[in-house]
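Read the structure below first, then the notes.
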Amino acid sequence: MAKVSVIITTFNSMRFFPETLASVLRQTFSDIEVIVVDDGSSDQISDWITSVEDSRIVFHSQVNEGVSSARNKGINLARGEYIAFLDGDDLWVPTKLEKQVSLLDLRQEVGLVHTWLALMDESSRLSGRVMKPDVEGNIWQEIVESNMIACSSVMVRRTFLDAVGTFDPQLLVAEDWDLWIRFAASYPISVIKEPLVQYRIHHSSKSKRYPEMVKDFRTIIERAFTSAPYECLPIRNRSYGRVNLCIAWKCIQAKEPDYEKSAFFCQQALCHYPNLRFSCEFLSFCVASRVMKIVGLDSYVWCLSLFNSIRRFFSQKSSLSNLIGNS
C-alpha cells in the first residue's frame, strides 16, 4: 500500500494534463499511487492515459458530476496514509511531496499542510508572482475570513479527512474552502514556505453564474458560523466582504466582462467590510477594472503578460547577481 495517494481530477484539460502528470511521476518521493478521475471529459484523455506505462496510476472515468464528486471518488479509491490533491492543469515542483510527508511524519497533530504558489500562465510561463500565505497553527478565523489555500497545494492526513468529511457535491464553487474551514475547526494547519506548486491562471472563463456563486459562498459562510463563539461574529462581515470582492473580480475577468455586475459586487463588498477599501487587493481590483474598461480584456492580459515578463527578467537578473556575489 502506497503511503501517499495523489488524486488528480480532470475535465477537458488534455492540453495541460500530460505536463501535470509528468510533474507527479518525477516526484522525489515515490511511494505513491496516482488516482486520476476524469469527470466526463470529451477530449480523449482515457485513450491517452492508457498509453502511459506506470503501475502506480489508477484511472477512473465517470459522467460529469462536478469536481467535488470527482475528488470524492478519488478519496474512496485512495489507500494511502496521506492524500494530496492536484487539479489537471497545475504543476508540482519535484520535492513537493517529499517535504510535505516529512512535515506530517514529524508533526502528528497537523491535519493539513499546504505550500506557497508560483503563478503561471496558460503557456506554463511563470509570472514572477508568488502567493505567500504565512499563517499557520489554529487559524480558523483567518481561513474563514479569506481562503488562502489552493487545492493543488494540499496534503491531508487520511484519518483526519475521514473525521471532518469530504467535499460537498452540492457546492458549485469554493467547495475546497468549505473543507479547509472544517479542517481548521478541528486541527492545526501548516504551510511550507516555498513555491512548490505552479498554479495556472486562466483568463478565458465564460462563467456568469453569479447567483450560484452568491448562494454557495453564503452557504459556506453561514455553515462556518453556525456554532462560532459570539466574539467571532464580526469576522462574518469581513468574510462576506472578501467573497463579494472575489465575485467582482470574476465579473471583469470573464470572456465577456460585466462591469455593471462588477460594480454592484464591489459596492456589496464595501457595505459588508468598509475597511476593505484600504487593502492592496481592493486597490488592485480598482486599477484592473479601470484599465480593462478602457483597453479591453485582451489588451489588459497582453499588458499584464508584458509586465510579468519584465518582472521575470529583473527577478532572474537579481538571482544571478546574488549567486555571483555569494560565490
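Nothing in this text is a laboratory measurement; each read-out follows from the coordinates by a stated rule. Quantities reported herein were computed from a predicted structural model and do not represent experimental measurements. A quick note on method: Cβ atoms are made from the backbone with ideal geometry, for glycine too, and the neighbour counts reach across all protein chains shown.
The figures follow:
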{"read-out": "Cβ-placed point charges (K, R +1; D, E -1), dipole of region 162-299 about Cα centre in debye, nearest 20", "value": "420 debye"}
{"read-out": "Set K73/K255; K250/K293; K99/K132; K3/K99; K132/K215 screened for pairs whose C-alpha atoms are more than 23 Å apart", "value": "K73/K255; K132/K215"}
{"read-out": "Added length on full extension, which subtracts the Cα-Cα distance from 0.36 nm per residue, M1 to L283", "value": "96.6 nm"}
{"read-out": "Estimated distance in nm for a label pair at Y259 and R107, the labels positioned 7 Å out from Cα along Cα-to-Cβ", "value": "4.6 nm"}
{"read-out": "Cβ-defined net charge surrounding W177, 14 Å radius [Lys, Arg +1; Asp, Glu -1]", "value": "-3"}
{"read-out": "Shape category assigned to region 210-295 from the gyration tensor of Cα positions, a/c cut at 1.5", "value": "oblate"}
{"read-out": "Two-site FRET efficiency, S30 against S51, from Cβ-Cβ distance with R₀ of 22 Å, rounded to 0.05", "value": "0.55"}
{"read-out": "Contour minus Cα-Cα distance for R125 and N237 (0.36 nm per residue)", "value": "36.6 nm"}
{"read-out": "Helix-derived mean residue ellipticity, 222 nm - over the chain, DSSP H n ≥ 4, -39500 (n - 2.57), to 500", "value": "-15000 deg cm²/dmol"}
{"read-out": "Share, in percent, of DSSP beta bridges within the chain that are antiparallel, nearest 5", "value": "30 percent"}
{"read-out": "Rounded to whole Hz, the Karplus (6.51, -1.76, 1.60) HN-Hα couplings of region 26-33, x for glycine and proline", "value": "9, 5, 5, 8, 10, 7, 9, 10"}
{"read-out": "Calculated FRET efficiency for the pair T159/I201, C-beta based, R₀ 35 Å, to 0.05", "value": "0.55"}
{"read-out": "Label-point separation, R223 to S186 (7 Å along Cα→Cβ), nm", "value": "1.3 nm"}
{"read-out": "The chain: C-alpha gyration tensor shape, a/c 1.5 cut-off, then a/b vs b/c", "value": "rounded"}
{"read-out": "Residue order, fewest to most surrounding Cβ atoms within 10 angstrom, among S289, S279, S152, S51", "value": "S51, S279, S289, S152"}
